[in-house]
Structure formats: C-alpha cells, structure tokens
1. Out of region 45-54, which residues are out of contact with any Cys (no Cβ under 7 Å at 6 or more places or on another chain) and within 18 Å of HIS80 (Cα to Cα)?
2. So how many residues does region 84-100 have that are over 20 Å from HIS21 (Cα atoms) and either open to solvent by 70 Å² or more (accessible area, probe 1.4 Å) or hydrophobic (A, V, I, L, M, F, W, C) (or both)?
3. So, LYS12, is that one free of Cβ contacts under 8 Å to residues at least 24 places away in the same chain, surrounded by 12 or more Cβ atoms within 10 Å (Cβ to Cβ) and not aromatic (Phe, Trp, Tyr) or not?
4. Could you grab me the full set of residues in region 110-127 that are open to solvent by 60 Å² or more (accessible area, probe 1.4 Å) and of a type in the set (A, V, I, L, M, F, W, C)?
5. Would you mention how many residues in region 20-36 are open to solvent by 60 Å² or more (accessible area, probe 1.4 Å) and of a type in the set (Phe, Trp, Tyr)?
6. Do you know which of the residues in region 128-163 that are among the hydroxyl-bearing types (Ser, Thr, Tyr) and within 19 Å of LEU100 (Cβ to Cβ) is surrounded by the most Cβ atoms within 10 Å (Cβ to Cβ)?
7. As an exercise: evaluate THR17 against (1) in contact (Cβ under 8 Å) with a residue 12 or more places away in the chain; (2) open to solvent by 30 Å² or more (accessible area, probe 1.4 Å); (3) farther than 15 Å from ASN88 by Cβ; (4) β-branched (Val, Ile, Thr) and give the number of the one condition it does not meet.
8. Can you find a residue that is in contact with a Lys or Arg (Cβ under 6 Å, 6 or more places away or on another chain), open to solvent by 20 Å² or more (accessible area, probe 1.4 Å) and not basic (Lys, Arg) anywhere in region 39-48?
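The values are calculated or read from the model by the stated rules, or taken from the named source; none is laboratory data. From a predicted model like this one, the values you see are computed outputs, not experimental measurements. Cβ placement follows ideal geometry from the backbone for every residue including glycine, while neighbour counts extend to all protein chains displayed. Accessible surface is based on the protein model in full, side chains and every heavy atom, while ligands, DNA and RNA are left aside. Shrake-Rupley method; radii C 1.70, N 1.55, O 1.52, S 1.80 Å.
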Amino acid sequence: MANRVIIKPTQKLLQETFDYHEDGYLIWKKPKISWIKIGQRAGCDRGDGYYYVGYGGKNHTLHRLIFLYHHGYLPEFIDHIDKNHTNNRIENLRPISKKLNAYNTDKLRSNNISGVRGVSWDNQQQKWTVRFKHDGKYLFLGYFNNVEDAKKIRQEAERRYLHYD
C-alpha cells in the first residue's frame, strides 16, 4: 500500500487552488482530481453540521480553510459568531479561545427548561436561579421571579467575564 502524501494547506496554496465566494464557500479553480471540475463548489456536508473539503490528502473543515485563505494563519479555535456552522462567510468567523468556544454553544442539558445555560428553576425558593462558572468556580448571581430577568443577568455575566468583544 502506497503512502499518501499529505500537503499542509497554506494561504498561498489555497488562493492558487480556490476562489472564495462571498456566500461562504470555496470554488475549485485548480482541481488536482479529474472528476472535480473547475468552477465546482468545494466540499460536502458530512452530516455533523460542518462542511468538509478534501485537500492535500486530508479532509479539512471548510470554515478553517476559509479562515486560513483570508488571514494566513490558523488559530486553535474558530468560532461561528451566529452559531450556525453552515454560515462560513468570513465575516461570521473569528478566532476564539478554548474557554470562549466552550461557552459559545447551543448544547444544553436535557433537563434545562429555561433554554439558557446557568438559568434554572429552584423548587425550594420557587424562583429562577442564575449561576455562572468562571475560572473553575461557580458564582451565584441571584434569584429571580421572572425567567427573562434571569436570562438578562446571565447574559450580562457572560459579557463581563468572557469578554466576547
């Protein structure tokens, strides 16, 4: 079995091989495989919400290739600002820390009834409670009669402690 040659993508190689479309995808301009045609959209959905592109002997997530295509480097984590993994417009992609990446998800516990991480109903107090984990410690942010007030406090804590800007 022959060894596959893996080519690490660079900004220059990507810009020689693809054109970027403003709707957030890449178009082949120099395909290396005969069944891929010039002008064809690169990549496919693998069923996990991300698009993948086979390039240089390896599959890459489309958003990482688009980020590298535009910025010339790859951060450890890239965030979809609107949390939509199919929106790979460069304006929707930003470098992000591991900590912020973990917070910026729609995944909630299955028993969450508030729809917001850190906001839960306290049966004993008969109120909504807000907690926030920061630097490994839970901060208690209060009890609230109204779930909307609780959500607002949680969002303010995220802005204060996570520095999304």
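1. ASP45, ARG46, GLY47, ASP48, GLY49, TYR50, VAL53
2. 4
3. For LYS12, the condition - free of Cβ contacts under 8 Å to residues at least 24 places away in the same chain, surrounded by 12 or more Cβ atoms within 10 Å (Cβ to Cβ) and not aromatic (Phe, Trp, Tyr) - is not met.
4. Once the filter is applied, which keeps residues that are open to solvent by 60 Å² or more (accessible area, probe 1.4 Å) and of a type in the set (A, V, I, L, M, F, W, C), region 110-127 yields ILE113, TRP121.
5. Counting residues in region 20-36 that are open to solvent by 60 Å² or more (accessible area, probe 1.4 Å) and of a type in the set (Phe, Trp, Tyr) gives 1.
6. Per the stated criteria, the residue is TYR161.
7. Failed condition: (2).
8. no
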